1. Please give the contour-minus-distance gain from Gln185 to Phe223: 0.36 nm per residue of separation, less the Cα-Cα distance, rounded to one decimal in nm.
2. Highest mean first, how do 116-124, 189-197 rank when packing is the count of other Cβ atoms within 10 Å averaged over residues?
3. Just to confirm a number: summing +1 for Lys and Arg and -1 for Asp and Glu over residues other than Ala181 whose beta-carbon lies under 15 angstrom from that of Ala181, what do you get?
4. If Lys and Arg each add +1 and Asp and Glu each add -1, what is the summed charge of the other residues whose beta carbon sits under 15 Å from the beta carbon of Ile159?
5. Compare the Cα positions of Gln111, Gly136, Phe89 along the charge dipole of segment 77-224 (+1 at Cβ of Lys, Arg; -1 at Cβ of Asp, Glu; about the Cα centre) and return the one farthest towards the positive end.
Amino acid sequence: MSVEENHHSDVSVPIENSLPQPSVDSNQKDQIDTNLSVGSRSEIILQPIFQSNVPSEAQVSFPRVSLNSSNRHRSLLSTCSITIGCILFLIIIVLSIPIAQLVIGIKYLHQCPIQSNIPIYLIVSASVCIFALFFGFLHFVFAERDFPKYLKWFSRIIIGLLSLFGFIWLIIGSVWTYSIANRVQHIDPNGSNYCHEVLYRFSYAITILFYISSFFSCCQRCFQ
């Protein structure tokens, strides 16, 4: 029995003690410990740095709404400026004719002895055009806004009366202008058949223009 016990005690020697252990100097051991400690510290220090510098999805915000709103404001302003410019351009064109009639009629009021009514024809025609444009603008405003109905009817009646008077006055002015076409002269101011060339030619041309515009306006109303 003693022999077996001694045999078992010899076999149960730990493997770790049986394996040869590498010899490590004390300097190398200290260097390994310092490297391990430095590596663990760098991981501890670098981890919060990377976590703090990388923004999350909740922290990142893109100003999409502000850019879209600014683009909408710019497009709206550009559209309004273009619309206002077109309206002003049309107003200048429409008002240029009656203003020219007033200026020429007043300037050459007493320089057409063969037919002294031609300057008056231009002045009255210009006044009718300006009043018609004014009441037409009022009618447009009354139609777009919630104004009483009698204001709309009043502006419509005034426009109708001015248009009727303007057409009758156009016929009278055309008779005054075209009836002297074969007898008028523009050289001798003292002659009885004299009429200033600018006054007469302007009256002649503007009368034709009014007939053309009246024809197109009548055609437009018929096809509506």
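Computed from the coordinates by the stated procedures, all read-outs in this text should not be read as laboratory data. Only a predicted model underlies this, so the values are computations on that prediction, with no experimental measurement involved. Glycine also receives a Cβ, built like all others from the backbone with ideal geometry; neighbour counts cover every protein chain displayed.
1. Between Gln185 and Phe223, full extension yields 9.3 nm more.
2. 116-124, 189-197
3. +1
4. +3
5. Checking the options against the dipole of segment 77-224, the answer is Gly136.
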